[in-house]
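Student: One structure, pasted below without further comment.
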Amino acid sequence: MIKKKIVEALIAERIAELDNGLFVVELNISATNVIAVEIDKHEGSVSVSDCMSVSRNVEHNLDREEQDFEITVSSAGLDKPFRVLPQYLKNIGRDVKVKMEDGSKLEGTLIEANENQFVIENSRKEKIEGKKKKEVIVEKHTFKYNEIKETKIVISFK
């Protein structure tokens with residue numbers, strides 16, 4: 001079986017060479033040597049040439065005579081939940097949906113993230129006693145990563 005550390009080193013080497021903000025979201029190697037790599041970019045989106053470059057660096061530096069393998073390098077999709085801190089940092093200012101462990105959901109704007117927690121802000125209109133118009137109430141919600149099931153970008157076609 002192909003060692004994960006070797007593949008990680010080859011990916012890191014190419015990402016450093018490209019120096020365009022790429023980072024690894026996920027790396028899996030199956031028992032049958034199927035290597036699946038997901039990458040993202042700190043700013044902008046991942047190009048096909050980024051995926052090809054990372055794939056080729058791994059492919060050309062592993063010996064197929066020694067062990068046969070298959071490799072797939074793709075970008076982290078918009079429909080997939082965040083899995084690493086750089087994804088949270090990249091998406092500050094965007095609307096996200098957070099699903100908690102108990103199944104409840106909350107939507108809002110991601111305003112802050114660090115290695116321990118992240119913060120979303122949402123607003124709602126509420127009737128205040130003694131006032132004629134509803135007022136906008138802004139709330140901030142702080143989540144620890146182990147308290148949530150997933151965080152996804154809200155895809156909007158407005």
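Student: Quick check, is residue 54 free of Cβ contacts under 8 Å to residues at least 60 places away in the same chain, outside the structural domain of residue 91 (by TED's automatic domain parsing) and over 13 Å from residue 71 (Cα atoms)? Write out each step before concluding.
Tutor: Details: free of Cβ contacts under 8 Å to residues at least 60 places away in the same chain: yes; outside the structural domain of residue 91 (by TED's automatic domain parsing): yes; over 13 Å from residue 71 (Cα atoms): no.
Considered against the rule, which asks whether it is free of Cβ contacts under 8 Å to residues at least 60 places away in the same chain, outside the structural domain of residue 91 (by TED's automatic domain parsing) and over 13 Å from residue 71 (Cα atoms), residue 54 comes out as no.
Student: Hey, another quick one. Which residue out of 43, 13 is touching a residue at least 40 places away in the same chain (Cβ under 8 Å) and either loosely packed, with under 12 Cβ neighbours inside 10 Å or under 25 Å from residue 78 (Cβ atoms) (or both)?
Tutor: Working: 13 fails: either loosely packed, with under 12 Cβ neighbours inside 10 Å or under 25 Å from residue 78 (Cβ atoms) (or both).
Exactly one residue qualifies, and that residue is 43.
Student: Something else now. Basic (Lys, Arg) and in the same structural domain as residue 44 (by TED's automatic domain parsing): which single residue out of 94, 64, 124 fits that description? Full working, then the answer.
Tutor: On the way: 94 fails: in the same structural domain as residue 44 (by TED's automatic domain parsing); 124 fails: in the same structural domain as residue 44 (by TED's automatic domain parsing).
Result: 64 is the single residue among 94, 64, 124 that is basic (Lys, Arg) and in the same structural domain as residue 44 (by TED's automatic domain parsing).
Student: Residues that are at pLDDT 95 or above, in a loop (DSSP other than H, G, I, E, B) and in contact with an Asp or Glu (Cβ under 6 Å, 6 or more places away or on another chain): does the stretch 22-35 have at least one?
Tutor: The answer is no, given that none of the residues of the stretch 22-35 is at pLDDT 95 or above, in a loop (DSSP other than H, G, I, E, B) and in contact with an Asp or Glu (Cβ under 6 Å, 6 or more places away or on another chain).
Student: With the structure loaded, tell me whether residue 98 is of a type outside the set (Gly, Ala, Ser), outside any strand (DSSP E or B) and surrounded by 10 or more Cβ atoms within 10 Å (Cβ to Cβ) or whether it fails that test. Show your work before the answer.
Tutor: Values: of a type outside the set (Gly, Ala, Ser): yes; outside any strand (DSSP E or B): no; surrounded by 10 or more Cβ atoms within 10 Å (Cβ to Cβ): yes.
Considered against the rule, which asks whether it is of a type outside the set (Gly, Ala, Ser), outside any strand (DSSP E or B) and surrounded by 10 or more Cβ atoms within 10 Å (Cβ to Cβ), residue 98 comes out as no.
Student: Among the residues that make up the stretch 50-70, is at least one of them in a loop (DSSP other than H, G, I, E, B) and within 18 Å of residue 146 (Cβ to Cβ)?
Tutor: Looking only at the stretch 50-70, we keep the residues that are in a loop (DSSP other than H, G, I, E, B), and these are 62-69.
Subset that is within 18 Å of residue 146 (Cβ to Cβ): none.
No, every residue in the stretch 50-70 fails to be in a loop (DSSP other than H, G, I, E, B) and within 18 Å of residue 146 (Cβ to Cβ).
The values are calculated or read from the model by the stated rules, or taken from the named source; none is laboratory data. What you see is a predicted model; the values in this text were computed from it and never measured. Methodologically, a virtual Cβ is constructed for each residue, glycine included, from the backbone with ideal geometry; neighbour enumeration extends over all protein chains shown.
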